[in-house]
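Enquirer: Structure in structure tokens, see below.
The values are calculated or read from the model by the stated rules, or taken from the named source; none is laboratory data. Quantities reported herein were computed from a predicted structural model and do not represent experimental measurements. So basically every Cβ, Gly included, is an ideal-geometry build from the backbone, and we count neighbours across all protein chains shown. When the accessible area is computed, the model is the full protein with side chains, heavy atoms only, and any ligands, DNA or RNA have been set aside. Shrake-Rupley method; radii C 1.70, N 1.55, O 1.52, S 1.80 Å.
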Amino acid sequence: MNKNAAVILAGGQGTRMKSDKPKVMAEVLFKPMIDWVIDAAKEAGIEDICVVTGYRADLLETHLAGRTQTVHQAERLGTGHAVMQAKEFIAAHAGANILILNGDAPFADAKTIRDALAQHENAQAAQTVISACVENPYGYGRIVRDAQGKFLCITEEASATEEVKKINEINSGVMWFNADVLSDVLGKLKNDNAKGEYYLTDTVDILLGEGKTVCAFTSENPDAVLGANTRVQLHELNEIARRKALEKFMLDGADIPFTDGVIITPDCVIGADTQILPGTIIREGCVIGNNCVIGPSSLITDCRIGNGCVLNRVQAENSVIDDGADLGPFMHVRPNSHIGKNVHCGNFTEIKNSTIGDKTSVSHLTYVGDSDVGSGVNFGCGTVTTNYDGLRKHRTVIEDHCFIGCNTNLVAPVRIGKNAYTAAGSTITEDVPPMHLAIARARQTNKEGWVEKTGRKK
Ligand code: UD1
Ligand code: CA
């Protein structure tokens, strides 16, 4: 017996988005809509997935990177025509059920998909359409029923009478088909409608006419059916997804006193009593411990942050920040950095591809790049690791308990031994042994009476 499979329709340009990208690449919470749909299908237990590409298929193929099968729809002649392009894929799943999904409806969830399948199988239906009642049905296909509530057909907005337009139960675009029925009915679709397209939705009327069982599965979650055809709808989907994610984090113990400008992607983990302040965006892959204060105005992507950390106006990417680190205001942690426990990094400091040992202090106006810094090190204001010689990057090593004087340039590769000091204003080009003081600057001369002698006295 073949396994159930899914076809995702993603060929459309999304003319109404006014974009050069395929519509399904438009993002909800920074994740392309197509990925929401693929993830839902996988979570519902479907492994075999075929995406119908069309407009800018190259971009979509690159994005999918072999995660699913694809077929190309060279001309966009409607949703029915899009499914026709997958006829071999559908035939290969004869005897099973095929799930059709729209790539521009990101909230179709795994539970709804599974529950609809259960009903579809129980009823031994030819087709089961997932529907929902929404406040504003404009633009969607309407689920038309007779007086007894029996499902009759789906009528698209463009073909709907005023009476039909009042129906608020809509077609989500997500539907289960018996694979053999689908293979057969695709050949029967016609394009004699207002838009001259092959509508997949016409299958309902055709199959009922053949005496087959067609069901509507009415989802209790009206959001599950929402799609985005315009940027305004895309914004609405983003707001729905954002609110849902924030509510989940709050219920898990995060303290978000004001949600203004706070966006957190649903995959993140945030510990109890961690406070998130306005203007903060926490993106894919972040795991944040307890009792932190993140924000205001921080952007954190793919970071592991321990307990009791403060990130005030910090931008951090792809890094690890240990317990008790106190960062900001206005600092940047660039990729591949590891900031130790109780480290302090103050305003206008940047750490890149470096490890910073516990209790080290980098208080102000300092760049530490490609460096291995020990613990208990003190950086004076304005220190720079000069890691790049124009061709290659080199590492700077600073061992435990060093004291780097203000305005030191550390010309890498260079090593500062344990407990060593550098004098303020030094340009260090050679290693400094442990416990030494390195002074690397011209000796000062004071010229006695120079101001008077040169006529500058006021
Ligand atoms: C469609 C449904 C409508 C439903 C709505 C739900 C039809 C005829 N209408 O309308 O009943 O309420 O979705 O959101 O099915 N696509 C292709 N190739 C094409 C045309 C479309 O791949 O030739 C893809 C699009 O990229 C999109 C999906 O199919 O992902 C739906 O197409 P779209 O044009 O957005 O249909 P709607 O007008 O929203
Ligand atoms: Ca749509």
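Enquirer: Could you tell me which residue of segment 15-31 is nearest to Phe107 (Cα to Cα), considering only residues that are open to solvent by 10 Å² or more (accessible area, probe 1.4 Å) and near ligand 1 (Cβ under 10 Å from one of its atoms)?
Expert: For segment 15-31, the residue satisfying everything is Lys23.
Enquirer: Just give me the residues in segment 61-85 being near ligand 1 (Cβ under 10 Å from one of its atoms) and either open to solvent by less than 10 Å² (accessible area, probe 1.4 Å) or outside the structural domain of Pro32 (by TED's automatic domain parsing) (or both), in sequence order.
Expert: Residues satisfying the conditions are Gln73, Gly80, Ala82, Val83.
Enquirer: Could you list, ordered by first residue, the pairs with Cβ atoms under 7 Å in which the first is in segment 1-12 and under 13 Å from Ala94 (Cα atoms) and the second is charged (D, E, K, R), at least 6 apart or interchain?
Expert: Once the first residue is under 13 Å from Ala94 (Cα atoms) and sits in segment 1-12, its partners that are charged (D, E, K, R) give Lys3/Glu47; Lys3/Asp48; Ala5/Asp48.
Enquirer: Let me ask something additional. Does Gly139 satisfy the criteria of being at pLDDT below 95, open to solvent by less than 50 Å² (accessible area, probe 1.4 Å) and within 14 Å of ligand 1 (Cβ to nearest atom)?
Expert: Yes; evaluated as a whole, the condition is true for this residue.
Enquirer: For segment 252-279, how many residues are hydrophobic (A, V, I, L, M, F, W, C) and closer than 17 Å to Glu239 by Cα?
Expert: 5
Enquirer: Considering each of Ile34, Ile38 in turn, give the residue that is under 24 Å from Ala94 (Cβ atoms), assigned to a helix (DSSP H, G or I), of a type in the set (Val, Ile, Thr) and open to solvent by less than 20 Å² (accessible area, probe 1.4 Å).
Expert: Going through Ile34, Ile38 in turn, the sole match is Ile38.
Enquirer: Another question, then. Pick out the one residue from Ala74, Ala86, Ala108, Ala96 that is away from ligand 2 (no atom under 16 Å from the Cβ) and over 23 Å from Lys195 (Cα atoms).
Expert: Going through Ala74, Ala86, Ala108, Ala96 in turn, just one is away from ligand 2 (no atom under 16 Å from the Cβ) and over 23 Å from Lys195 (Cα atoms): Ala96.
Enquirer: Scan Gly95, Gly103 and give me the residue that is over 22 Å from Glu169 (Cβ atoms) and within 23 Å of the chain's Cα centre (by Cα).
Expert: Checking each option against the conditions leaves just Gly103.
Enquirer: Only residues that are away from ligand 2 (no atom under 13 Å from the Cβ) and assigned to a loop (DSSP other than H, G, I, E, B): list them for segment 1-31, please.
Expert: Listed by number, the residues that qualify are Met1, Asn2, Lys3, Asn4, Lys18, Ser19, Asp20, Lys21, Leu29, Phe30.
Enquirer: If you don't mind, there's one more thing I want to ask. Within segment 232-248, is there a residue that is of a type outside the set (Ser, Thr, Tyr), away from ligand 1 (no atom under 16 Å from the Cβ) and over 30 Å from Lys18 (Cβ atoms)?
Expert: Scanning segment 232-248 turns up at least one residue that is of a type outside the set (Ser, Thr, Tyr), away from ligand 1 (no atom under 16 Å from the Cβ) and over 30 Å from Lys18 (Cβ atoms).
Enquirer: Same structure, new question: Would you mind stating whether Val343 is assigned by TED's automatic domain parsing to the domain that holds Leu311 and within 23 Å of Leu311 (Cα to Cα)?
Expert: When the stated conditions are applied, Val343 passes them.
Enquirer: For Thr53, state whether it is over 20 Å from Asp223 (Cβ atoms), in contact with a Pro (Cβ under 8 Å, 6 or more places away or on another chain), part of a strand (DSSP E or B) and in the same structural domain as Gly139 (by TED's automatic domain parsing).
Expert: yes
Enquirer: Of the residues Ala123, Ala147, which single one is open to solvent by less than 60 Å² (accessible area, probe 1.4 Å), out of contact with any helix residue (DSSP H, G or I) (no Cβ under 9 Å at 6 or more places or on another chain), over 19 Å from Pro222 (Cα atoms) and of a type in the set (Gly, Ala, Ser)?
Expert: Going through Ala123, Ala147 in turn, just one is open to solvent by less than 60 Å² (accessible area, probe 1.4 Å), out of contact with any helix residue (DSSP H, G or I) (no Cβ under 9 Å at 6 or more places or on another chain), over 19 Å from Pro222 (Cα atoms) and of a type in the set (Gly, Ala, Ser): Ala123.
Enquirer: Another question about this same structure. What tally of residues in segment 274-301 results from selecting those that are surrounded by fewer than 17 Cβ atoms within 10 Å (Cβ to Cβ) and within 20 Å of Arg242 (Cα to Cα)?
Expert: Going through segment 274-301 one residue at a time, the tally reaches 6.
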